[in-house]
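Below is one structure, written out as C-alpha coordinates; comments come after it.
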Amino acid sequence: MEPALRQIAERIRAAAADATPLRIRGGGTKDFYGEALQGDVLDTTALAGITSYEPSELVVTVRAGTPLAELEAALAEEGQCLPFEPPHFASNSTVGGMVAAGLSGPARASVGAVRDYVLGATLVNGRGDILSFGGQVMKNVAGYDVSRVLAGSLGTLGVIAEVSLKVLPVAPAEATLEFACSQADALRLLNEWGGRPLPLNASCWFEQAGAGVLQLRLRGAVAAVEAACAHLGGERRDNAQAAAHWQALRDQQLPWFGTGVNALWRLSVPQTASALAWDGDGAAPLVEWHGGQRWYQAPPAQAARIREAAHAAGGHATLFRMPAGQAADSRVPRFDALSAPVARIHQALMHEFDPHRIFDRARLLAGA
(Lines give C-alpha, C1' and ligand atoms only; values in the text may rest on other atoms or scores of the structure.)
Protein backbone atom coordinates (compact mmCIF):
# COMPACT_ATOMS: atom_id res chain seq x y z
CA MET A 1 0.00 0.00 0.00
CA GLU A 2 1.40 3.39 -0.95
CA PRO A 3 2.09 5.82 1.92
CA ALA A 4 -0.50 8.43 0.88
CA LEU A 5 -3.26 5.82 0.77
CA ARG A 6 -2.14 4.35 4.11
CA GLN A 7 -2.26 7.79 5.72
CA ILE A 8 -5.78 8.42 4.45
CA ALA A 9 -6.97 5.04 5.73
CA GLU A 10 -5.39 5.70 9.13
CA ARG A 11 -6.97 9.13 9.39
CA ILE A 12 -10.38 7.70 8.57
CA ARG A 13 -10.00 5.04 11.24
CA ALA A 14 -8.97 7.70 13.76
CA ALA A 15 -11.93 9.88 12.78
CA ALA A 16 -14.28 6.92 13.19
CA ALA A 17 -12.84 6.24 16.65
CA ASP A 18 -13.37 9.77 17.95
CA ALA A 19 -16.44 10.66 15.83
CA THR A 20 -14.70 13.45 13.91
CA PRO A 21 -16.69 14.35 10.76
CA LEU A 22 -14.69 14.61 7.53
CA ARG A 23 -15.30 16.13 4.13
CA ILE A 24 -13.28 14.84 1.20
CA ARG A 25 -11.59 17.45 -0.94
CA GLY A 26 -9.35 17.33 -4.00
CA GLY A 27 -8.87 20.61 -5.85
CA GLY A 28 -11.94 22.18 -4.23
CA THR A 29 -13.26 23.41 -7.59
CA LYS A 30 -16.72 22.02 -6.86
CA ASP A 31 -17.06 23.12 -3.24
CA PHE A 32 -20.02 25.24 -4.33
CA TYR A 33 -21.98 22.17 -5.45
CA GLY A 34 -24.40 20.51 -3.05
CA GLU A 35 -25.50 21.46 0.44
CA ALA A 36 -23.33 23.41 2.90
CA LEU A 37 -19.98 21.75 3.59
CA GLN A 38 -19.37 20.17 6.97
CA GLY A 39 -16.44 18.46 8.68
CA ASP A 40 -12.65 18.65 8.67
CA VAL A 41 -11.00 18.59 5.25
CA LEU A 42 -9.52 15.27 4.13
CA ASP A 43 -7.17 16.22 1.29
CA THR A 44 -6.72 13.69 -1.52
CA THR A 45 -4.23 15.54 -3.72
CA ALA A 46 -1.36 13.31 -2.54
CA LEU A 47 -3.04 10.44 -4.40
CA ALA A 48 -1.68 11.55 -7.77
CA GLY A 49 -0.41 9.97 -10.96
CA ILE A 50 -1.47 7.77 -13.84
CA THR A 51 -0.81 4.19 -12.77
CA SER A 52 -1.68 2.40 -16.02
CA TYR A 53 -2.55 3.51 -19.54
CA GLU A 54 -3.10 1.17 -22.46
CA PRO A 55 -4.08 3.30 -25.48
CA SER A 56 -4.73 0.21 -27.60
CA GLU A 57 -7.17 -1.06 -24.95
CA LEU A 58 -8.88 2.34 -24.54
CA VAL A 59 -8.52 2.28 -20.76
CA VAL A 60 -6.60 4.38 -18.24
CA THR A 61 -6.18 3.87 -14.49
CA VAL A 62 -5.44 7.02 -12.54
CA ARG A 63 -5.23 8.09 -8.91
CA ALA A 64 -7.98 10.37 -7.67
CA GLY A 65 -5.84 13.38 -6.77
CA THR A 66 -4.39 13.65 -10.28
CA PRO A 67 -5.18 16.99 -11.95
CA LEU A 68 -7.83 16.49 -14.59
CA ALA A 69 -5.83 18.64 -17.02
CA GLU A 70 -2.84 16.30 -16.61
CA LEU A 71 -4.94 13.26 -17.49
CA GLU A 72 -6.50 14.96 -20.52
CA ALA A 73 -3.07 16.04 -21.76
CA ALA A 74 -1.78 12.46 -21.54
CA LEU A 75 -4.79 11.21 -23.47
CA ALA A 76 -4.44 13.92 -26.10
CA GLU A 77 -0.87 12.80 -26.84
CA GLU A 78 -2.35 9.48 -27.94
CA GLY A 79 -5.23 11.07 -29.86
CA GLN A 80 -7.75 10.05 -27.19
CA CYS A 81 -10.10 11.84 -24.82
CA LEU A 82 -12.78 11.70 -22.13
CA PRO A 83 -15.80 12.01 -24.45
CA PHE A 84 -18.18 13.33 -21.76
CA GLU A 85 -16.10 16.53 -21.40
CA PRO A 86 -16.03 16.88 -17.59
CA PRO A 87 -16.20 20.48 -16.35
CA HIS A 88 -13.03 21.85 -14.77
CA PHE A 89 -14.28 25.20 -13.36
CA ALA A 90 -10.64 25.90 -12.42
CA SER A 91 -7.15 24.62 -13.23
CA ASN A 92 -6.82 22.45 -10.11
CA SER A 93 -9.79 20.18 -10.80
CA THR A 94 -9.00 16.52 -10.00
CA VAL A 95 -10.04 13.15 -11.36
CA GLY A 96 -11.57 12.11 -8.04
CA GLY A 97 -13.67 15.28 -7.94
CA MET A 98 -14.79 14.63 -11.50
CA VAL A 99 -16.17 11.22 -10.51
CA ALA A 100 -17.53 12.28 -7.11
CA ALA A 101 -19.44 15.24 -8.59
CA GLY A 102 -20.64 13.24 -11.59
CA LEU A 103 -20.92 16.32 -13.80
CA SER A 104 -20.65 16.07 -17.58
CA GLY A 105 -20.08 18.67 -20.28
CA PRO A 106 -21.75 19.69 -23.56
CA ALA A 107 -21.51 16.26 -25.26
CA ARG A 108 -23.28 14.38 -22.47
CA ALA A 109 -26.59 13.85 -24.33
CA SER A 110 -24.80 12.22 -27.26
CA VAL A 111 -22.00 10.22 -25.64
CA GLY A 112 -23.18 9.46 -22.09
CA ALA A 113 -22.26 10.59 -18.58
CA VAL A 114 -19.23 10.15 -16.31
CA ARG A 115 -20.66 6.97 -14.79
CA ASP A 116 -20.85 5.32 -18.22
CA TYR A 117 -17.05 5.45 -18.48
CA VAL A 118 -16.12 4.23 -14.99
CA LEU A 119 -14.93 0.63 -15.21
CA GLY A 120 -13.45 0.14 -11.77
CA ALA A 121 -12.49 1.96 -8.59
CA THR A 122 -10.53 1.66 -5.37
CA LEU A 123 -12.34 3.17 -2.38
CA VAL A 124 -11.52 3.76 1.28
CA ASN A 125 -14.77 3.36 3.22
CA GLY A 126 -15.83 4.81 6.56
CA ARG A 127 -14.11 2.00 8.46
CA GLY A 128 -10.77 2.73 6.81
CA ASP A 129 -11.01 -0.45 4.71
CA ILE A 130 -9.53 -0.32 1.20
CA LEU A 131 -11.97 -1.86 -1.27
CA SER A 132 -11.70 -2.52 -5.00
CA PHE A 133 -14.64 -2.81 -7.39
CA GLY A 134 -15.04 -3.53 -11.08
CA GLY A 135 -12.01 -3.88 -13.31
CA GLN A 136 -10.39 -2.53 -16.45
CA VAL A 137 -12.72 -4.04 -19.03
CA MET A 138 -16.49 -4.13 -19.28
CA LYS A 139 -16.76 -7.92 -18.86
CA ASN A 140 -15.09 -7.66 -15.42
CA VAL A 141 -18.02 -5.67 -14.08
CA ALA A 142 -20.14 -8.37 -12.43
CA GLY A 143 -22.70 -8.17 -9.65
CA TYR A 144 -23.53 -4.76 -8.20
CA ASP A 145 -21.81 -2.05 -10.23
CA VAL A 146 -20.45 -0.18 -7.20
CA SER A 147 -17.86 1.73 -9.24
CA ARG A 148 -20.56 3.63 -11.09
CA VAL A 149 -22.52 4.29 -7.91
CA LEU A 150 -19.59 6.47 -6.86
CA ALA A 151 -20.28 8.87 -9.74
CA GLY A 152 -22.27 11.73 -8.24
CA SER A 153 -21.99 10.46 -4.65
CA LEU A 154 -20.19 13.67 -3.56
CA GLY A 155 -17.88 11.87 -1.15
CA THR A 156 -20.66 10.39 0.95
CA LEU A 157 -19.59 6.75 0.47
CA GLY A 158 -15.85 7.08 0.96
CA VAL A 159 -12.59 8.34 -0.48
CA ILE A 160 -12.14 7.50 -4.15
CA ALA A 161 -8.46 6.53 -4.30
CA GLU A 162 -8.16 5.35 -7.90
CA VAL A 163 -10.39 4.86 -10.93
CA SER A 164 -10.19 2.98 -14.22
CA LEU A 165 -11.85 4.87 -17.06
CA LYS A 166 -12.86 3.96 -20.58
CA VAL A 167 -11.52 6.48 -23.10
CA LEU A 168 -12.20 6.98 -26.81
CA PRO A 169 -10.30 8.25 -29.86
CA VAL A 170 -10.74 11.90 -30.77
CA ALA A 171 -13.24 12.20 -33.63
CA PRO A 172 -11.62 12.61 -37.08
CA ALA A 173 -13.75 15.64 -37.93
CA GLU A 174 -15.68 18.37 -36.15
CA ALA A 175 -17.78 21.34 -37.19
CA THR A 176 -19.96 23.91 -35.41
CA LEU A 177 -22.98 25.42 -37.14
CA GLU A 178 -24.87 28.49 -35.97
CA PHE A 179 -28.54 29.28 -36.56
CA ALA A 180 -30.61 32.34 -35.65
CA CYS A 181 -33.87 31.10 -34.11
CA SER A 182 -36.16 31.27 -31.10
CA GLN A 183 -36.03 28.78 -28.25
CA ALA A 184 -39.18 27.07 -29.53
CA ASP A 185 -37.71 26.71 -33.02
CA ALA A 186 -34.40 25.46 -31.59
CA LEU A 187 -36.16 22.74 -29.60
CA ARG A 188 -38.20 21.72 -32.64
CA LEU A 189 -35.11 21.54 -34.86
CA LEU A 190 -33.11 19.57 -32.32
CA ASN A 191 -35.92 17.02 -31.99
CA GLU A 192 -36.17 16.69 -35.76
CA TRP A 193 -32.42 16.30 -36.20
CA GLY A 194 -32.26 13.78 -33.35
CA GLY A 195 -34.40 11.41 -35.39
CA ARG A 196 -32.02 11.49 -38.35
CA PRO A 197 -28.66 9.72 -38.87
CA LEU A 198 -26.63 12.87 -38.19
CA PRO A 199 -23.37 13.05 -36.20
CA LEU A 200 -24.84 15.32 -33.53
CA ASN A 201 -22.52 15.83 -30.58
CA ALA A 202 -23.53 18.97 -28.64
CA SER A 203 -25.93 21.89 -28.82
CA CYS A 204 -26.43 25.21 -27.09
CA TRP A 205 -29.20 27.79 -27.42
CA PHE A 206 -29.14 31.19 -25.72
CA GLU A 207 -30.07 34.81 -26.33
CA GLN A 208 -27.39 37.21 -27.49
CA ALA A 209 -28.15 40.92 -27.86
CA GLY A 210 -31.86 40.07 -27.66
CA ALA A 211 -31.74 37.48 -30.45
CA GLY A 212 -31.83 33.70 -30.10
CA VAL A 213 -28.79 31.73 -31.27
CA LEU A 214 -28.53 27.93 -31.66
CA GLN A 215 -25.08 26.42 -31.94
CA LEU A 216 -24.76 22.81 -33.03
CA ARG A 217 -21.57 20.75 -32.88
CA LEU A 218 -21.08 17.79 -35.20
CA ARG A 219 -18.41 15.13 -34.63
CA GLY A 220 -17.58 11.95 -36.48
CA ALA A 221 -16.15 10.72 -39.76
CA VAL A 222 -15.06 13.42 -42.21
CA ALA A 223 -17.63 12.39 -44.83
CA ALA A 224 -20.46 12.29 -42.27
CA VAL A 225 -19.64 15.74 -40.84
CA GLU A 226 -19.29 17.37 -44.26
CA ALA A 227 -22.53 15.81 -45.51
CA ALA A 228 -24.37 17.00 -42.38
CA CYS A 229 -23.05 20.54 -42.83
CA ALA A 230 -24.25 20.61 -46.42
CA HIS A 231 -27.66 19.23 -45.41
CA LEU A 232 -28.33 21.39 -42.35
CA GLY A 233 -27.09 24.75 -43.59
CA GLY A 234 -26.54 27.47 -41.03
CA GLU A 235 -23.35 29.49 -40.61
CA ARG A 236 -20.22 27.43 -40.11
CA ARG A 237 -17.94 28.77 -37.39
CA ASP A 238 -14.15 28.73 -37.31
CA ASN A 239 -13.05 25.57 -35.50
CA ALA A 240 -10.65 27.33 -33.11
CA GLN A 241 -13.24 29.92 -32.09
CA ALA A 242 -15.87 27.22 -31.74
CA ALA A 243 -13.58 25.11 -29.55
CA ALA A 244 -13.08 28.08 -27.21
CA HIS A 245 -16.86 28.56 -27.06
CA TRP A 246 -17.55 24.92 -26.13
CA GLN A 247 -14.83 24.94 -23.48
CA ALA A 248 -16.28 28.15 -22.01
CA LEU A 249 -19.71 26.51 -21.97
CA ARG A 250 -18.26 23.44 -20.25
CA ASP A 251 -16.73 25.57 -17.49
CA GLN A 252 -19.60 28.09 -17.28
CA GLN A 253 -17.46 30.98 -18.46
CA LEU A 254 -19.72 32.21 -21.25
CA PRO A 255 -21.05 35.77 -20.76
CA TRP A 256 -24.50 34.28 -20.08
CA PHE A 257 -23.18 32.83 -16.79
CA GLY A 258 -21.38 35.99 -15.77
CA THR A 259 -24.11 38.18 -14.25
CA GLY A 260 -23.70 36.76 -10.75
CA VAL A 261 -26.83 38.52 -9.50
CA ASN A 262 -29.11 35.51 -9.09
CA ALA A 263 -28.64 31.86 -8.24
CA LEU A 264 -27.93 29.45 -11.09
CA TRP A 265 -30.52 26.70 -11.51
CA ARG A 266 -30.08 23.52 -13.54
CA LEU A 267 -33.24 21.88 -14.85
CA SER A 268 -33.09 18.35 -16.22
CA VAL A 269 -36.11 17.63 -18.41
CA PRO A 270 -36.99 15.38 -21.35
CA GLN A 271 -35.40 16.61 -24.57
CA THR A 272 -38.86 16.72 -26.12
CA ALA A 273 -40.20 19.14 -23.48
CA SER A 274 -41.35 22.44 -24.93
CA ALA A 275 -40.38 25.81 -23.44
CA LEU A 276 -41.28 25.66 -19.74
CA ALA A 277 -44.00 27.55 -17.91
CA TRP A 278 -41.25 29.41 -16.05
CA ASP A 279 -39.93 30.93 -19.30
CA GLY A 280 -40.82 34.54 -19.86
CA ASP A 281 -40.64 35.49 -16.18
CA GLY A 282 -37.01 36.60 -16.40
CA ALA A 283 -33.90 36.28 -18.51
CA ALA A 284 -34.08 33.63 -21.24
CA PRO A 285 -32.52 30.28 -20.30
CA LEU A 286 -29.45 28.66 -21.76
CA VAL A 287 -30.44 25.30 -23.26
CA GLU A 288 -28.04 22.44 -23.97
CA TRP A 289 -27.96 18.65 -24.25
CA HIS A 290 -30.39 18.87 -27.20
CA GLY A 291 -33.02 20.34 -24.88
CA GLY A 292 -32.42 18.04 -21.92
CA GLN A 293 -30.54 20.51 -19.70
CA ARG A 294 -31.74 24.07 -19.19
CA TRP A 295 -30.01 26.72 -17.10
CA TYR A 296 -31.89 29.58 -15.44
CA GLN A 297 -30.87 32.50 -13.28
CA ALA A 298 -33.34 33.31 -10.52
CA PRO A 299 -33.39 34.06 -6.78
CA PRO A 300 -33.57 31.10 -4.36
CA ALA A 301 -36.92 32.50 -3.22
CA GLN A 302 -38.37 31.37 -6.58
CA ALA A 303 -37.51 27.73 -5.83
CA ALA A 304 -41.10 26.53 -5.60
CA ARG A 305 -42.09 28.01 -8.97
CA ILE A 306 -38.98 26.72 -10.72
CA ARG A 307 -39.37 23.22 -9.35
CA GLU A 308 -43.07 23.19 -10.17
CA ALA A 309 -42.26 24.04 -13.81
CA ALA A 310 -39.58 21.34 -13.95
CA HIS A 311 -41.89 18.72 -12.44
CA ALA A 312 -44.70 19.64 -14.83
CA ALA A 313 -42.30 18.94 -17.71
CA GLY A 314 -41.36 15.56 -16.26
CA GLY A 315 -38.00 16.63 -14.82
CA HIS A 316 -36.35 18.10 -11.74
CA ALA A 317 -34.45 21.20 -10.69
CA THR A 318 -31.17 21.74 -8.84
CA LEU A 319 -30.01 24.94 -7.19
CA PHE A 320 -26.60 24.59 -8.78
CA ARG A 321 -24.69 27.66 -7.60
CA MET A 322 -25.33 30.64 -5.35
CA PRO A 323 -24.19 34.15 -6.37
CA ALA A 324 -20.63 35.00 -5.37
CA GLY A 325 -20.44 36.15 -1.76
CA GLN A 326 -24.01 35.13 -0.92
CA ALA A 327 -24.57 32.41 1.67
CA ALA A 328 -26.93 29.57 0.90
CA ASP A 329 -30.43 29.66 2.36
CA SER A 330 -30.80 26.47 4.39
CA ARG A 331 -34.56 26.61 3.81
CA VAL A 332 -34.04 26.01 0.08
CA PRO A 333 -32.62 22.53 -0.60
CA ARG A 334 -30.07 22.31 -3.41
CA PHE A 335 -31.55 19.08 -4.77
CA ASP A 336 -35.12 17.97 -5.33
CA ALA A 337 -36.56 15.74 -2.61
CA LEU A 338 -36.17 12.03 -3.32
CA SER A 339 -39.08 9.62 -3.26
CA ALA A 340 -39.29 7.58 -0.06
CA PRO A 341 -38.04 4.31 -1.64
CA VAL A 342 -35.06 6.02 -3.33
CA ALA A 343 -34.20 7.90 -0.13
CA ARG A 344 -34.16 4.59 1.78
CA ILE A 345 -31.74 3.12 -0.77
CA HIS A 346 -29.44 6.13 -0.43
CA GLN A 347 -29.51 5.92 3.35
CA ALA A 348 -28.85 2.18 3.30
CA LEU A 349 -25.86 2.58 0.98
CA MET A 350 -24.41 5.33 3.13
CA HIS A 351 -24.83 3.19 6.25
CA GLU A 352 -23.06 0.21 4.66
CA PHE A 353 -20.11 2.27 3.44
CA ASP A 354 -19.95 4.70 6.35
CA PRO A 355 -21.56 3.18 9.47
CA HIS A 356 -19.91 5.72 11.79
CA ARG A 357 -21.33 8.67 9.81
CA ILE A 358 -17.99 10.46 9.48
CA PHE A 359 -18.38 11.52 5.85
CA ASP A 360 -20.40 14.60 4.89
CA ARG A 361 -23.59 12.83 3.80
CA ALA A 362 -25.66 15.98 4.37
CA ARG A 363 -23.94 17.52 1.33
CA LEU A 364 -26.00 15.16 -0.83
CA LEU A 365 -29.04 14.56 1.38
CA ALA A 366 -30.05 17.61 3.40
CA GLY A 367 -30.72 16.66 7.01
CA ALA A 368 -29.20 13.19 6.65
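The values are calculated or read from the model by the stated rules, or taken from the named source; none is laboratory data. This is a predicted model, so every value here is computed, not measured. FYI the Cβ positions are ideal-geometry reconstructions off the backbone, even for glycines, and counts take in every protein chain you see. Calculation scope for accessible area: heavy atoms of the full protein, side chains included, ligands and nucleic acids excluded. Shrake-Rupley method; radii C 1.70, N 1.55, O 1.52, S 1.80 Å.
Some observations on this one:
- Since only P300, A313, V287 are under comparison, the one whose Cα sits farthest along the positive direction of the charge dipole of the stretch 256-336, derived from C-beta charges on Lys, Arg, Asp and Glu, is P300.
- Report note on the peptides 151-162, 286-297: ranked by the mean count of other C-beta atoms within 10 Å, highest first, their order is 151-162, 286-297.
- Listed residues S330, P83, S203: farthest to the positive end of the dipole of the chain (Cβ charges): S330
- Segment A36..D238, full-extension length gain: 68.6 nm, with 0.36 nm per residue of separation and the alpha-carbon distance subtracted.
- Only Lys, Arg, Asp and Glu carry charge here, each on its Cβ (+1 for the first two, -1 for the last two); on that basis the stretch 279-368 has a dipole of about 200 debye about its Cα centre.
- Local electrostatic count, E72, Cβ distance below 12 Å [Lys/Arg +1, Asp/Glu -1]: -3
- Size-normalised alpha-carbon gyration radius of the stretch 1-104, reference 2.2 N^0.38 Å: 1.18
- Carbon plus sulfur fraction of accessible area for the chain, probe 1.4 Å, in percent: 52
- In the chain, helices alone account for a calculated mean residue ellipticity at 222 nm of -8000 deg cm²/dmol, with every DSSP H run of four or more residues adding -39,500 (n - 2.57).
- With K and R counted +1 and D and E -1, the other residues having a Cβ less than 12 Å from that of A100 yield a net charge of +3.
- Only Cα pairs under 8 Å and 6+ residues apart enter the sum, and on that basis the relative contact order of the chain stands at 19 percent.
- Normalised per residue, the accessible area of the stretch 172-251 is 45 Å², obtained with a 1.4 Å probe and no contribution from ligands, DNA or RNA.
- Couplings 3J(HN,Hα) of the stretch 107-117, computed from phi: 7, 3, 5, 9, 10, x, 9, 3, 4, 6, 10 Hz, in residue order, whole Hz [Karplus 6.51 cos²θ - 1.76 cosθ + 1.60, θ = phi - 60°; x for Gly and Pro].
- Think of each Lys and Arg Cβ as +1 and each Asp and Glu Cβ as -1; about the Cα centre, that makes the dipole of the chain roughly 760 debye.
- The stretch 1-77 versus the stretch 168-245: alpha-carbon centroid distance in Å: 36
- Packing, as the average of other Cβ atoms within 10 Å across residues, places the peptides 330-343, 264-277 in the order 264-277, 330-343, highest first.
- DSSP-defined antiparallel bridges as percent of all bridges, the chain, nearest 5: 90
- In the stretch 256-336, Cα pairs under 8 Å separated by at least six residues give a relative contact order of 39 percent.
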